[in-house]
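Reading through the structure tokens given below for one structure.
The values are calculated or read from the model by the stated rules, or taken from the named source; none is laboratory data. The structure displayed is predicted, hence computed values, not measured ones. Cβ: placed from backbone, ideal geometry, glycine included. Neighbour counts: every protein chain shown.
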Amino acid sequence: METIAVKREDRFFKFSLGIKGNNENRLVAYQHVRTLGEKESQRDGLIGAFVSDWDSAKNCTFCNRLIVHIFWVKIDNEIKPFGKEHLHEALGYKSEKNVNSKKLIAELEYRQNQDTTKLNFFLLKRVESSIEEANSDYKKYNPELFSKSKLLKRGNDEYIRVSFDSEVELLKSVEFEII
Ligand SMILES: [Zn+2]
């Protein structure tokens, strides 16, 4: 699967589970590739600012045009870049009018913030140093879901048991794996 290279200057929001389209494809990230440059300000003349980084531009999967506002869509386990005007093609809609890209970016940002909060909670409060402790920790929260839960580990001393696919994806994004 393609990994998305992100620079500190970029505007970037990612939601691992993705936002489902009108088909099985999912929007997983938005990225504005940027660099530090200058822009003209009416009041102050040239000022420092983030500007689009055309050296890091990608080609839209649909039309091959170079894009710096990149919508990453997961299609059959591969993540592919699309421009705003072809996002609807990736997500299975008839026209560009069916897709509100600003709202989708806002939703990715919101989900990313939720994920960050949840991940911090997991890492600070739920990760245990043995399988036994991870099991008993899980039982405190969701005893009735235990049989459907999944056990994950990172290295040899971090274990956590969780229930939902979204939680599994979240933990995989920081190198946990299902055991
Ligand atoms: Zn395109």
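Things worth noting here:
- Answer residue from region 47-65, given it is among the hydrophobic types (A, V, I, L, M, F, W, C) and under 14 Å from Gln31 (Cα atoms) and is nearest to the ligand (Cβ to nearest atom) among those: Cys60
- Among residues of region 66-111, those that are in contact with a Gly (Cβ under 6 Å, 6 or more places away or on another chain), of a type outside the set (Gly, Ala, Ser) and surrounded by fewer than 19 Cβ atoms within 10 Å (Cβ to Cβ), counted: 0
- For region 73-89, the tally of residues that are within 11 Å of the ligand (Cβ to nearest atom) and out of contact with any Ser or Thr (no Cβ under 7 Å at 6 or more places or on another chain) stands at 4.
- Pairing residues of region 69-90 that are of a type in the set (Ser, Thr, Tyr) and assigned to a strand (DSSP E or B) with residues that are at pLDDT 95 or above and away from the ligand (no atom under 11 Å from the Cβ), at Cβ distances under 6 Å and at least 6 apart in sequence or on separate chains, gives no pairs at all.
- Taking the criterion of being under 25 Å from Glu109 (Cα atoms) and out of contact with any Gly (no Cβ under 7 Å at 6 or more places or on another chain), the residues of region 56-65 that qualify are Ser56, Ala57, Lys58, Asn59, Thr61, Phe62.
Listed here are the residues, each with its yes/no results for (1) on the phi > 0 side of the Ramachandran plot; (2) of a type in the set (Asp, Glu).
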residue: Arg43; (1), (2): no, no
residue: Val51; (1), (2): no, no
residue: Ser56; (1), (2): no, no
residue: Thr61; (1), (2): no, no
residue: Asn64; (1), (2): yes, no
residue: Trp72; (1), (2): no, no
residue: Glu85; (1), (2): no, yes
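- Some residue of region 47-65 being within 20 Å of Ser173 (Cβ to Cβ) and in contact with a helix residue (DSSP H, G or I) (Cβ under 9 Å, 6 or more places away or on another chain): no
- Residue check for Lys148: surrounded by fewer than 15 Cβ atoms within 10 Å (Cβ to Cβ) and at pLDDT 95 or above: no
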